């Protein structure tokens, strides 16, 4: 699925280029759908990630032990004094090169090499393509789309959403582990429309510590039915799940399922 993620990312990069290359000075400053960040900040986030993928900054003298989101904030903060054109140029310079780097990670021995990603968990390197595909889908359609109609009106296609889901569902057990630790009831995610499918978010088996995501519904669980496009928004805490899904099925499990949905916060 990671090669499919790479293909989705290649298309997403062209979509981002088309949108950000036409932004006016006023549009760069508009608040995005990502709380606290402007459209400019979102582009700086994406461009800085690509620059670091292609041309990593020298390692600090002392290891930086910070959450992944804070490290991303730091990269954006470093670009505060840049012009909008400099941020645009950085994205245009490094985007295609970064996709080529990610393509190299689809082949062994890199593909199956597991690397830690701060507090997000550990993943095989070939799955980084899915991470970037998710990042672009979320930031372009939901965040930049909050301010720029051309981004909001992009299609919610199967390929882009499927790649985003691969990363989100793979990351759920580790990223959400602290919040899920107080939950005991599983829930089915049922997606209708593009990237349709059913997945059971399942409590740990005896002796295990992490929850799991199974690609089929569990009849003992309540079901949260909605779209994969909206899942990208509410499962990243940009919106409330209750505004976008219908909870149904096992009535006795619905309260516990709601708590499990509350615990999802995917990065």
Residues that are touching a residue at least 60 places away in the same chain (Cβ under 8 Å) and either farther than 23 Å from residue 156 by Cβ or surrounded by fewer than 15 Cβ atoms within 10 Å (Cβ to Cβ) (or both), drawn from the stretch 209-254: 249, 253
- request: Take residue 83 and decide whether it is in contact with a strand residue (DSSP E or B) (Cβ under 9 Å, 6 or more places away or on another chain), free of Cβ contacts under 8 Å to residues at least 12 places away in the same chain, surrounded by fewer than 18 Cβ atoms within 10 Å (Cβ to Cβ) and on the phi < 0 side of the Ramachandran plot.
  value: no
query: Can you tell me which of 93, 53, 22 is out of contact with any helix residue (DSSP H, G or I) (no Cβ under 7 Å at 6 or more places or on another chain) and outside any loop (DSSP other than H, G, I, E, B)?
result: 93
- request: Answer yes or no as to whether residue 144 is within 14 Å of residue 46 (Cβ to Cβ) and either in a helix (DSSP H, G or I) or in contact with a strand residue (DSSP E or B) (Cβ under 8 Å, 6 or more places away or on another chain) (or both).
  value: yes
task: Having 3 or more residues that are closer than 26 Å to residue 126 by Cβ and at pLDDT 95 or above is the bar; report the helices (runs of 4 or more DSSP H) wholly within the stretch 149-237 that clear it.
output: 158-175, 228-234
- request: Using the structure shown, decide if residue 106 is more than 16 Å from the chain's Cα centre (by Cα) and either in contact (Cβ under 8 Å) with a residue 12 or more places away in the chain or surrounded by 23 or more Cβ atoms within 10 Å (Cβ to Cβ) (or both).
  value: yes
- line: Checked pairs for the stretch 10-22, first farther than 11 Å from residue 140 by Cβ, second in a helix (DSSP H, G or I), C-beta under 6 Å and 6 or more apart or across chains, list as 10/99
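The values are calculated or read from the model by the stated rules, or taken from the named source; none is laboratory data. As the structure is a prediction and not an experimental result, all values here were calculated from the model. Here Cβ is always computed from backbone atoms with ideal geometry, including for glycine, and neighbour counts include all displayed protein chains.
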